[in-house]
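The structure under discussion appears below in the form of structure tokens.
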Amino acid sequence: MQIHETKIPGLLIIEPDIFADQRGYFYESYNKEKYEKKGISSDFVQDNVSSSVRGVIRGLHYQLAPFSQAKLIQVLKGKVLDVAVDLRQGSPTFGEHLSIELSDDSHLLVFYPRGFAHGFSVLSDEVIFSYKCDNFYNKDAERGINYKDATLNIDWQIPENEIIVSGKDKVLPAFNEAERNFVFKN
């Protein structure tokens with residue numbers, strides 16, 4: 001397994017070792033001992049799986065501290081544009097976002113420490129998306145940022161007339177109006 005740092009501190013791309021032959025492939029998407037040796041020591045307590053169709057944008061979602069969540073995400077089927085927004089006050093990349101294409105072909109995983117908004121757009125006909133969380137879902141702490149936020153100016157790689165967004169996500173506040181309470185820790 002290889003861990004790649006990104007321009008955003010703490011946001012990591014994980015490239016697992018793939019063992020492939022004529023039968024298919026095998027890889028470990030998570031091994032607590034190996035991850036801890038690489039510096040990822042989150043204690044994951046909840047696994048989530050979502051299914052979406054082409055054109056769907058989910059996000060940008062997060063939970064306020066102390067209910068914030070570190071996440072380990074991957075695509076099991078299909079292809080997405082995955083987006084992370086750094087919400088940690090004092091971070092050298094506060095307010096910046098990183099977009100990365102994830103697919104069942106690349107097998108890449110992304111580790112999000114606490115303090116990030118997360119979203120994705122579906123670029124394939126269907127996607128099955130999986131993520132581990134180190135804290136349980138808490139409805140009262142749930143927050144978000146509008147996917148069309150002008151400050152972030154995210155290119156979701158979906159034509160405007162093909163975008164499918166939930167009613168809840170359409171009315172999320174702009175980045176500058178969104179409640180957040182995260183502090184960057186070196």
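The values are calculated or read from the model by the stated rules, or taken from the named source; none is laboratory data. Computed from a prediction, not measured in an experiment: that's the story for all the values here. All Cβ positions, even for glycine, are placed from backbone atoms using ideal geometry, and neighbour counts span all protein chains on display. Side chains included, ligands, DNA and RNA excluded: accessible areas come from the protein's heavy atoms. Shrake-Rupley method; radii C 1.70, N 1.55, O 1.52, S 1.80 Å.
Annotation for segment 7-23: at least one member residue is in contact with a Leu (Cβ under 9 Å, 6 or more places away or on another chain) and more than 28 Å from R180 (Cα to Cα). For segment 154-184, name all the residues that are in contact with a strand residue (DSSP E or B) (Cβ under 9 Å, 6 or more places away or on another chain) and open to solvent by 90 Å² or more (accessible area, probe 1.4 Å). Answer for segment 154-184, where residues must be in contact with a strand residue (DSSP E or B) (Cβ under 9 Å, 6 or more places away or on another chain) and open to solvent by 90 Å² or more (accessible area, probe 1.4 Å): D155, Q157, K168, E179, V183. Scanning segment 128-137 turns up at least one residue that is touching a residue at least 40 places away in the same chain (Cβ under 8 Å) and of a type in the set (D, E, K, R). Would you confirm, using the coordinates I've provided, whether G95 is among the small types (G, A, S) and farther than 20 Å from I154 by Cβ? The answer is no for G95.
Quick grid of which residues meet (1) touching a residue at least 60 places away in the same chain (Cβ under 8 Å); (2) β-branched (V, I, T); (3) in contact with a Leu (Cβ under 7 Å, 6 or more places away or on another chain):
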| site | (1), (2), (3) |
| --- | --- |
| Q63 | yes, no, no |
| Q69 | yes, no, no |
| V85 | yes, yes, yes |
| G90 | yes, no, no |
| I100 | yes, yes, no |
| R143 | yes, no, yes |
| T151 | no, yes, no |
| P159 | no, no, no |
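If you go through segment 64-97 and keep only what is among the aliphatic types (A, V, I, L, M) and either within 10 Å of the chain's Cα centre (by Cα) or modelled with pLDDT under 95 (or both), you end up with A70, L72, I73, L81, V83, A84, V85. Can S68 be described as open to solvent by 20 Å² or more (accessible area, probe 1.4 Å) and among the small types (G, A, S)? No; evaluated as a whole, the condition is false for this residue. Kindly provide the set of residues from segment 112-126 that are buried (at least 21 other Cβ atoms within 10 Å of the Cβ) and not hydroxyl-bearing (S, T, Y), ordered by number. Result: P113, R114, G115, F116, A117, G119, F120, V122.
Restricting segment 20-63 to residues that are surrounded by fewer than 13 Cβ atoms within 10 Å (Cβ to Cβ), over 21 Å from A117 (Cβ atoms) and of a type in the set (D, E, K, R) leaves a set whose member that is modelled with the lowest pLDDT is K37. For segment 127-134, the condition holds for at least one residue, the condition being that it is of a type in the set (D, E, K, R), assigned to a loop (DSSP other than H, G, I, E, B) and surrounded by fewer than 21 Cβ atoms within 10 Å (Cβ to Cβ). If I filter segment 32-46 for residues that are touching a Ser or Thr at 6+ places or on another chain (Cβ under 9 Å), touching a residue at least 60 places away in the same chain (Cβ under 8 Å) and not hydroxyl-bearing (S, T, Y), do I get at least one hit? Among the residues of segment 32-46, not one is touching a Ser or Thr at 6+ places or on another chain (Cβ under 9 Å), touching a residue at least 60 places away in the same chain (Cβ under 8 Å) and not hydroxyl-bearing (S, T, Y), which makes the answer no. Got at least one residue in segment 138-150 being more than 30 Å from D43 (Cα to Cα) and open to solvent by less than 20 Å² (accessible area, probe 1.4 Å)? There is at least one residue in segment 138-150 that is more than 30 Å from D43 (Cα to Cα) and open to solvent by less than 20 Å² (accessible area, probe 1.4 Å).
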